[in-house]
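Structure record follows, encoded as structure tokens.
The values are calculated or read from the model by the stated rules, or taken from the named source; none is laboratory data. Quick caveat, the model's predicted, so the values are computed rather than measured. Cβ placement follows ideal geometry from the backbone for every residue including glycine, while neighbour counts extend to all protein chains displayed.
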Amino acid sequence: GRSLWSLTEKLTLVARGDPPPTVVRRGRFAPKTLFSIFFKSTGPLLIHRVTRGQTIDHPYYIDNCLQPLIDEIKHQRLSYGTNHIILHHDNGKPHVHKCVSDYLQSEGIETIPHPPNSPDLSPCDFWLFDLIKRNLSDQSDPQSLQHAVTDLMYSLSAQEYRKTFDKWIERMQLCVDNQGHYFEHLM
């Protein structure tokens with residue numbers, strides 16, 4: 001899972017010779033909407049919108065992201081539960097905290113180590129964030145943004161998710177082939 005900050009920008013077309021409209025820029029400390037999105041090779045598992053002002057620390061990550069994620073996995077895999085589930089998340093502090101590792105281990109979930117400074121290995125970084133930014137129009141409030149993100153995630157075909165996972169595996173192999181060095185320029 002990864003986090004997505006959403007900042008919306010407006011694009012206005014003006015006729016030749018007309019003055020451009022005044023653009024009010026969002027301040028550095030303007031409110032943002034943060035999502036944690038988990039998906040598998042066939043589609044979304046959990047889309048969680050973080051309340052504005054909420055700090056994402058390891059207890060929050062476990063209680064509001066991982067527990068609902070695991071509940072959804074168990075719901076979808078009644079016979080297997082979390083057996084043979086592998087989770088990939090980056091090295092964000094909440095993700096690598098010992099309590100998070102212990103919780104995932106207690107649930108039987110394996111994690112894939114993520115090399116430091118390697119955004120090119122995260123499907124959210126090389127695929128999802130750009131997809132969401134390209135496909136979402138300006139949303140006026142967090143609820144409408146959450147609805148739009150959810151609609152987009154569920155509108156994608158299983159083939160789109162599968163293609164992304166195949167690309168992720170290619171990138172992982174490229175990382176191995178390059179002894180873990182940064183390789184975005186090779187893609």
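Report yes if some residue within the range 158-172 is over 19 Å from residue 62 (Cβ atoms), of a type outside the set (Val, Ile, Thr) and assigned to a loop (DSSP other than H, G, I, E, B); otherwise report no. Even if it seems obvious, please write down each step before you answer.
In the first step, residues of the range 158-172 are kept if they are over 19 Å from residue 62 (Cβ atoms); the result is 158-172.
So of that shortlist, the ones also of a type outside the set (Val, Ile, Thr) come out as 158-163, 165-168, 170-172.
Among the residues that remain, those that are also assigned to a loop (DSSP other than H, G, I, E, B) are: none.
Within the range 158-172, not a single residue is over 19 Å from residue 62 (Cβ atoms), of a type outside the set (Val, Ile, Thr) and assigned to a loop (DSSP other than H, G, I, E, B).
For the range 14-48, which residues satisfy the criterion of being of a type in the set (D, E, K, R) and at pLDDT 95 or above?
Of the range 14-48, the ones of a type in the set (D, E, K, R) are 16, 18, 25-26, 28, 32, 40.
Passing the criteria: only 40.
Residue by residue through the range 57-88, note down the ones that are in contact with a Cys (Cβ under 8 Å, 6 or more places away or on another chain) and farther than 17 Å from residue 109 by Cβ.
If the condition is that a residue be in contact with a Cys (Cβ under 8 Å, 6 or more places away or on another chain) and farther than 17 Å from residue 109 by Cβ, then 59 is the only one that fits.
For the range 84-96, state whether one or more residues are assigned to a helix (DSSP H, G or I) and crowded, with 18+ Cβ neighbours inside 10 Å.
Checked against the condition, which is being assigned to a helix (DSSP H, G or I) and crowded, with 18+ Cβ neighbours inside 10 Å, the range 84-96 yields at least one hit.
Looking only at the range 108-129, which residues are among the acidic types (Asp, Glu) and crowded, with 17+ Cβ neighbours inside 10 Å?
Once the filter is applied, which keeps residues that are among the acidic types (Asp, Glu) and crowded, with 17+ Cβ neighbours inside 10 Å, the range 108-129 yields only 120.
Condition first: touching a strand residue (DSSP E or B) at 6+ places or on another chain (Cβ under 9 Å), within 24 Å of residue 84 (Cα to Cα), in a loop (DSSP other than H, G, I, E, B) and not β-branched (Val, Ile, Thr). Now tell me which residues in the range 110-156 satisfy that.
122
Residues checked against (1) more than 18 Å from residue 92 (Cα to Cα); (2) in contact (Cβ under 8 Å) with a residue 60 or more places away in the chain:
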position	(1), (2)
37	no, yes
41	yes, yes
46	yes, no
51	yes, no
58	no, no
62	no, no
68	yes, no
72	yes, no
80	yes, no
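Quick test of your reading of the structure: residue 122 fulfils all but one of (1) of a type in the set (S, T, N, Q); (2) without any contact (Cβ under 8 Å) to a residue 24 or more places away in the chain; (3) under 19 Å from residue 169 (Cβ atoms). Name the failing condition by number.
Checking residue 122 against (1) of a type in the set (S, T, N, Q); (2) without any contact (Cβ under 8 Å) to a residue 24 or more places away in the chain; (3) under 19 Å from residue 169 (Cβ atoms), the one that fails is (2).
So residue 99 ticks every box in (1) surrounded by 12 or more Cβ atoms within 10 Å (Cβ to Cβ); (2) farther than 18 Å from residue 38 by Cβ; (3) at pLDDT below 95 but one. Which box is left unticked?
(3)
Which of (1) among the aliphatic types (A, V, I, L, M); (2) within 19 Å of residue 47 (Cα to Cα); (3) at pLDDT below 90 is the odd one out, the single condition residue 131 does not satisfy?
For residue 131, the failing item is (3).
Quick check, is residue 64 surrounded by fewer than 11 Cβ atoms within 10 Å (Cβ to Cβ), among the polar types (S, T, N, Q) and either at pLDDT 90 or above or in contact with a strand residue (DSSP E or B) (Cβ under 8 Å, 6 or more places away or on another chain) (or both)?
no
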